[in-house]
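Report on the following structure.
The values are calculated or read from the model by the stated rules, or taken from the named source; none is laboratory data. Not measured: the values here are computed from a predicted model. Cβ: placed from backbone, ideal geometry, glycine included. Neighbour counts: every protein chain shown.
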Amino acid sequence: MNESERETDPQERKEPEQPLGRPGFAVAADEPARRDPLERHAAVGGAGENGRRFDRLTQLLAGRLDRRGVAGVVTGALLTLSLAGDASGKKKKKNKKKKPVGCRNGCPPNHICTGGRCVPACTTGRPCGAECCRNAEVCLNNVQCVVPCNDGRLRCGGVCCGPTEICNAANECDDALSDNLIRNGDAESGSASPNGRTPVVIPDWTGTTGGTTVVAYGNTTGGWPEPDDPGPDDRGVQLFTGGNHGVSEMTQTASVSEFAAPIDGGSIGYELSGFLGGFGGQGDRATLTAIFLDGDGDELDRDSVGPVTTADRNSATGLLFRSATGAVPVGTRSIKFVLTQTRSSGTSNDGYADNLSCVLRVT
Ligand SMILES: [Ca+2]
Ligand SMILES: [Ca+2]
């Protein structure tokens, strides 16, 4: 089937647009007023006017039931309930404050519980993993005390790291602060749509309009990027396409709170990149956007790569590499990634994308 046939496929259907975001949680407006009457009664106990009413009720019931010869049983039962309430109250008072989660099983010898975890009881210096760092030392990756190099650079694995490098978990100097923050950016997780138009479950991505889908390179329904068309060398076997919506979109959010300290120090940059493209002479296109959010989820800044235009591709089907770099805004705690695919011609949205990536680096 060629592209013109695919674009007029009678089986093509348009999925209803769906709202973005996740459903909210309804909260009853009268929730604070909905108190259990029994709970309120128990709360006042036997004191005051309510308590006197309770006593009179006990006496009244006892008097009436005396005539039936079972007063002692009822009075005893009420007294038992009253005492149970008192016992419950006393029991609550005896409850001790729970220990922090990290210290519930106690701490090893020469350790103290602070900040919810056991740390060495350092007489000098400061805790660092299982060690106590001396004044001249710095705490490396929160696990190891090391002496910085003479010029202040970081000592890592017996060498001094470069000015823009960090010491990674393997104890090697590395200029990359993070791995790719975009999960399943290569469209390889999950199955491909059989025809490149029907929606499929796309792991790690949410907020889809139902339009974005996955197709295999060289899909035999025709008109799709081939394994040897322009695109990433390590393209795998699948790529994202836009289904049959005019505008298709999907999102995912990555936390970067573990890098809060260097980000707030203003020394962290990002590299946003991806292979983006389209079909032949059609103007269908894709854009990848990174939205930097603070701890409250408010936007601090955004950047994007793409689209790759028809002219960029010389009207040839394929995907081209695009990247953008910049400084991660101070205060960033998460980054929301949005892939937007826009149809220009035909019924298939041929906004293609693969190998989407965002890494943070020391600048
Ligand atoms: Ca791929
Ligand atoms: Ca198209």
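A few remarks follow.
- Residue list for the stretch 199-212, restricted to those being touching a residue at least 60 places away in the same chain (Cβ under 8 Å), surrounded by fewer than 19 Cβ atoms within 10 Å (Cβ to Cβ) and assigned to a loop (DSSP other than H, G, I, E, B): 199, 207, 210
- Residue within the stretch 143-154 that is free of Cβ contacts under 8 Å to residues at least 60 places away in the same chain, charged (D, E, K, R) and assigned to a strand (DSSP E or B) present: no
- Restricted to the stretch 299-341, and to residues there that are assigned to a strand (DSSP E or B) and among the small types (Gly, Ala, Ser), the residue that is surrounded by the most Cβ atoms within 10 Å (Cβ to Cβ) is 318.
- Residue 164 vs. criteria at pLDDT 55 or above and of a type in the set (Val, Ile, Thr): yes
- Candidate set: the stretch 191-212, residues that are of a type in the set (Gly, Ala, Ser) and within 20 Å of residue 340 (Cβ to Cβ); chosen: the one modelled with the highest pLDDT: 193
- Set side by side, the residues 267, 273 differ, and just one is under 21 Å from the mean Cα position of the chain (by Cα), away from ligand 2 (no atom under 16 Å from the Cβ) and not aliphatic (A, V, I, L, M), which is 273.
- Qualifying residue in the stretch 289-297 (condition: within 16 Å of ligand 2 (Cβ to nearest atom), surrounded by fewer than 17 Cβ atoms within 10 Å (Cβ to Cβ) and not in a strand (DSSP E or B)): no
- Options 157, 116; residue that is among the small types (Gly, Ala, Ser), at pLDDT below 85, more than 32 Å from the chain's Cα centre (by Cα) and over 22 Å from residue 267 (Cα atoms): 157
- Residues located in the stretch 213-229, provided they are within 14 Å of ligand 1 (Cβ to nearest atom) and either in a loop (DSSP other than H, G, I, E, B) or of a type in the set (Val, Ile, Thr) (or both): 213, 214, 215, 217, 218, 219, 224, 225, 226, 227, 229
- Selected residue (criterion: farthest from residue 271 (Cα to Cα)) from residues of the stretch 342-357 that are within 16 Å of ligand 1 (Cβ to nearest atom) and assigned to a strand (DSSP E or B): 352
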